[in-house]
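Working notes for the structure below.
The values are calculated or read from the model by the stated rules, or taken from the named source; none is laboratory data. Small disclaimer: the values here were computed from a predicted structure and weren't measured. Neighbour counts run over all protein chains shown; Cβ positions are idealised from the backbone, glycine included. These area figures cover heavy atoms from the full protein model, side chains too; ligands, DNA and RNA do not enter into them. Shrake-Rupley method; radii C 1.70, N 1.55, O 1.52, S 1.80 Å.
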Amino acid sequence: MPPSPSPHDAVPDFIVERFADHSIEELRNIASYAETLDQSADVPDYIVRAFAIQDDETRTVVAIYADELAGFLEASEPAANEDESDGRDDDRGPGRMGGVFFG
């Protein structure tokens with residue numbers, strides 16, 4: 001698994017801390033909003049307020065970090081899903097008869 005992305009020094013600490021609370025889709029929306037500042041985007045109010053006072057460079061590095069973090073979380077999901085069992089008993093290994101009765 002690749003290491004977790006590190007934010008650029010220009011990304012404000014409070015944004016880095018709050019990104020841990022967002023889903024992959026929310027992080028992608030934030031990255032898109034940082035690039036376009038489209039008022040119809042579905043992003044948290046703190047992002048709208050923060051970006052209103054940030055320069056273009058800071059918004060760009062926030063967008064990059066949000067996108068990289070979303071990609072990291074996406075890459076981590078399959079590994080987490082592989083560890084979960086779906087509840088079926090598919091153990092047909094040695095010592096299991098699989099429903100066959102030998103009399």
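Tabulated values for the structure
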{"quantity": "Estimated inter-spin distance, Arg49 and Glu74, nm [label 7 Å along Cα→Cβ]", "calculated": "3.1"}
{"quantity": "Calculated from backbone phi, Karplus (6.51, -1.76, 1.60) coupling profile of region 61-74 in Hz, x at Gly/Pro", "calculated": "6, 5, 4, 4, 5, 4, 5, 5, 5, 4, x, 4, 5, 4"}
{"quantity": "Extension gain from Val16 to Ser40, taking 0.36 nm per residue of separation minus the Cα-Cα distance", "calculated": "6.3 nm"}
{"quantity": "Accessible area of region 16-57 divided out per residue, in Å², using a probe of 1.4 angstrom", "calculated": "65"}
